[in-house]
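Okay, so here's the structure we're looking at.
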Amino acid sequence: MVEVDLRSAWAKYRHACAQFEALAAYVEAQDRGLAESTPLAAHFDPVAGFHVVRISRVPDIQEIVEELSLRAGDVINNLRTSLDHLMWQLAQLQGPPRDPLRVKFRVCKTNGLSCTKPDYLGSQVWGQVHEFQPCKGVNGRADSWPGEYVHQAEQLAKLSNHDKHRNIVDIDPAVSGFSSIPTRLTLPPWIEVIDGEHIFAPGRLGDPDPDAEVIDLSRADHRLAVGAEVARVRAQLWGSVETIGFIGFARLHFTLPQLLPLLPTLQRLSLYCHEVLTAFTPDSAAGPSVGRPMVPTNGQR
């Protein structure tokens, strides 16, 4: 392992973690405040046999989105800067760089066409850095995420460049679910009433439940807009009532482009930066003072 002075890089990383924790607390507060801000109405479609649930009113959240964008940009830029500071220290092993302004955490493209060793790094050091590049393969995202796959290094560079040179981070509110008024008069078979108490009966989970509501999310467009479809519901209690003026509230969450979840995406980038920095940190320097991932490492990277 190459030993370099990474106090500055870890300081930037720790600061990004602190900013992330403040961002997460802000998001949680907004989630509570917006819990009943987006009412839903339902109109019966006799052909399909479903009530189509749509947004009937949207809150004004322009200031919230702007605040989220600014806070997310701070996290993103400090994470990227932590890697740039790492490169600066690694470059010193070669002596003073000929062009200091070019020293940065370079990103190879996924297709491997730009895998060229920068002149400010030695071959051995570049070999270590290269192991964390997109051209080495996919890295650290659940298959269930929406949007096209992108490696952390590429995503971090793209988000940081956009925030620094074009516009604040693009953040959109999206609908991720909804609450509802009752849909049935009966209890499901796995809920039994014994002496006035509702008891869960796991042995009956597979029993038929003809009164269960049917929810179709295939046409949900996730946009926060008046008239946007949230779901289609076939419910025993709703019958074929033509219009139900209020059936519940939409559940909102904040996303990056392509509906990528804001906080989990930043956590994923944090884990990547932590892994890179740790690879160049001597064991003797490890510990609480060198920073930590925004979420505990759980084996997914």
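A short reminder: the numbers here are calculations on the coordinates, not readings from a lab. Worth saying up front: this structure is predicted, and the values here are computed from it rather than measured. Positions of Cβ are backbone-derived with ideal geometry, glycine not excepted, and every protein chain shown enters the neighbour counts.
Looking only at segment 1-15, count how many residues are aliphatic (A, V, I, L, M), touching a helix residue (DSSP H, G or I) at 6+ places or on another chain (Cβ under 6 Å) and assigned to a helix (DSSP H, G or I). The number of residues fulfilling the criteria is 1.
Please go through segment 151-201 and give me each residue that is farther than 30 Å from residue 247 by Cβ and surrounded by fewer than 19 Cβ atoms within 10 Å (Cβ to Cβ), ordered by number.
154, 158, 161, 162, 164, 165, 166, 167, 168, 170, 194, 195
If you go through segment 152-167 one residue at a time, do you hit one that is assigned to a helix (DSSP H, G or I) and of a type in the set (Ser, Thr, Tyr)?
As a first pass, look at segment 152-167 and keep what is assigned to a helix (DSSP H, G or I): 152-165.
Imposing the further condition that a residue be of a type in the set (Ser, Thr, Tyr) reduces the set to 160.
Yes, segment 152-167 contains a residue that is assigned to a helix (DSSP H, G or I) and of a type in the set (Ser, Thr, Tyr).
Can you give me the number of residues within segment 169-209 that are among the β-branched types (Val, Ile, Thr) and either closer than 30 Å to residue 159 by Cβ or touching a residue at least 12 places away in the same chain (Cβ under 8 Å) (or both)?
Start the filter on segment 169-209 by keeping residues that are among the β-branched types (Val, Ile, Thr), which leaves 169, 171, 175, 181, 183, 186, 191, 193-194, 199.
Narrowing the set further to residues that are either closer than 30 Å to residue 159 by Cβ or touching a residue at least 12 places away in the same chain (Cβ under 8 Å) (or both) leaves 169, 171, 175, 181, 183, 186.
The total comes to 6.
Per the conditions (1) under 18 Å from residue 266 (Cα atoms); (2) loosely packed, with under 15 Cβ neighbours inside 10 Å, the sole criterion not satisfied by residue 79 is (2).
With the structure loaded, tell me whether residue 35 is closer than 19 Å to residue 272 by Cβ and in contact (Cβ under 8 Å) with a residue 60 or more places away in the chain or whether it fails that test. Here the answer is no, as residue 35 does not meet what is asked.
Candidates in segment 168-200 are the residues that are in a loop (DSSP other than H, G, I, E, B), in contact with an Asp or Glu (Cβ under 6 Å, 6 or more places away or on another chain) and not polar (S, T, N, Q); of these, the one that is farthest from residue 59 (Cα to Cα) is 189. Of 35, 24, 41, 29, all but one fail to be over 30 Å from residue 182 (Cα atoms) and either touching a Ser or Thr at 6+ places or on another chain (Cβ under 8 Å) or of a type outside the set (Phe, Trp, Tyr) (or both); the exception is 24. For segment 1-32, the tally of residues that are in contact with a His (Cβ under 9 Å, 6 or more places away or on another chain) and more than 19 Å from residue 275 (Cβ to Cβ) stands at 2. Hey, does segment 225-234 have a residue that's without any contact (Cβ under 8 Å) to a residue 60 or more places away in the chain and either more than 33 Å from the chain's Cα centre (by Cα) or under 13 Å from residue 53 (Cβ atoms) (or both)? Taking every residue of segment 225-234 in turn, none turns out to be without any contact (Cβ under 8 Å) to a residue 60 or more places away in the chain and either more than 33 Å from the chain's Cα centre (by Cα) or under 13 Å from residue 53 (Cβ atoms) (or both). Taken across segment 16-35, residues that are surrounded by fewer than 18 Cβ atoms within 10 Å (Cβ to Cβ), assigned to a loop (DSSP other than H, G, I, E, B) and not β-branched (Val, Ile, Thr) do occur, with at least one present.
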